[in-house]
Amino acid sequence: MIKPIRATGLERLELQRLRDRVGRLFAALQEATEAENPLVSGAWAPPVDVCETEKMIIVRAELPGVSPDQIKIGLCNTKLRIYGEKKRRPARRRIMSYLCSERLYGKFGRIVHLRWTFSIHDATACMKNGVLQIHLPKIEDRRGGEVAITVKEES
């Protein structure tokens with residue numbers, strides 16, 4: 001019969017540190033993999049800024065030409081999902097041929113991984129001049145599922 005070898009003292013601490021480092025490495029690898037794969041095939045991803053202050057996390061996303069009712073935001077413990085669809089303007093009666101069209105239309109989506117603890121229920125979002133701002137107040141503890149946030153027009 002073979003006896004299992006158990007780590008004691010410093011060996012146990014070293015194993016715990018190694019396990020934590022491997023866990024962080026796996027989380028970073030998973031985050032990078034999800035960033036490479038868009039939410040929906042053919043979707044475009046809006047550029048995002050994530051800022052931190054003492055009391056809150058602020059996420060800004062550039063969505064020019066998108067109205068607040070075309071945007072959906074999902075929030076859970078570790079992820080913020082911004083998704084929706086930017087629709088083309090209805091065609092006018094005049095016949096127009098495009099020489100160049102670089103504007104993006106269709107479905108868009110972006111997942112932002114959050115490493116902070118924040119209040120899901122106190123989160124707010126507003127849209128001004130084509131920039132969506134999401135305010136996430138920090139707290140000590142977080143628990144719960146995904147919550148939808150409404151977007152309002154700000155003038």
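The values are calculated or read from the model by the stated rules, or taken from the named source; none is laboratory data. Please read all numbers here as calculations on a predicted model, not as lab measurements. Every residue, glycine among them, receives a Cβ derived from its backbone with ideal geometry; neighbour counts consider all protein chains shown.
If I go through segment 133-155 residue by residue, how many of them are closer than 30 Å to LEU29 by Cβ and either touching a helix residue (DSSP H, G or I) at 6+ places or on another chain (Cβ under 8 Å) or free of Cβ contacts under 8 Å to residues at least 60 places away in the same chain (or both)?
Residues that pass the stated criteria total 3.
Determine whether segment 93-115 contains at least one residue that is out of contact with any Leu (no Cβ under 9 Å at 6 or more places or on another chain), modelled with pLDDT under 85, of a type outside the set (Ser, Thr, Tyr) and under 26 Å from GLN30 (Cα atoms).
Looking for residues that are out of contact with any Leu (no Cβ under 9 Å at 6 or more places or on another chain), modelled with pLDDT under 85, of a type outside the set (Ser, Thr, Tyr) and under 26 Å from GLN30 (Cα atoms), one finds at least one in segment 93-115, hence yes.
Results for (1) within 16 Å of GLU62 (Cβ to Cβ); (2) assigned to a loop (DSSP other than H, G, I, E, B); (3) touching a Lys or Arg at 6+ places or on another chain (Cβ under 8 Å); (4) of a type in the set (Asp, Glu), shown as yes or no for each residue.
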residue	(1), (2), (3), (4)
TYR98	no, yes, no, no
LEU104	yes, yes, yes, no
ALA125	yes, no, yes, no
HIS135	no, no, no, no
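Can you pull out the residues in segment 142-155 that are out of contact with any Ser or Thr (no Cβ under 6 Å at 6 or more places or on another chain) and either in a loop (DSSP other than H, G, I, E, B) or surrounded by 17 or more Cβ atoms within 10 Å (Cβ to Cβ) (or both)?
Across segment 142-155, the qualifying residues are ARG143, GLY144, GLY145, GLU146, ILE149, THR150, VAL151, GLU154, SER155.
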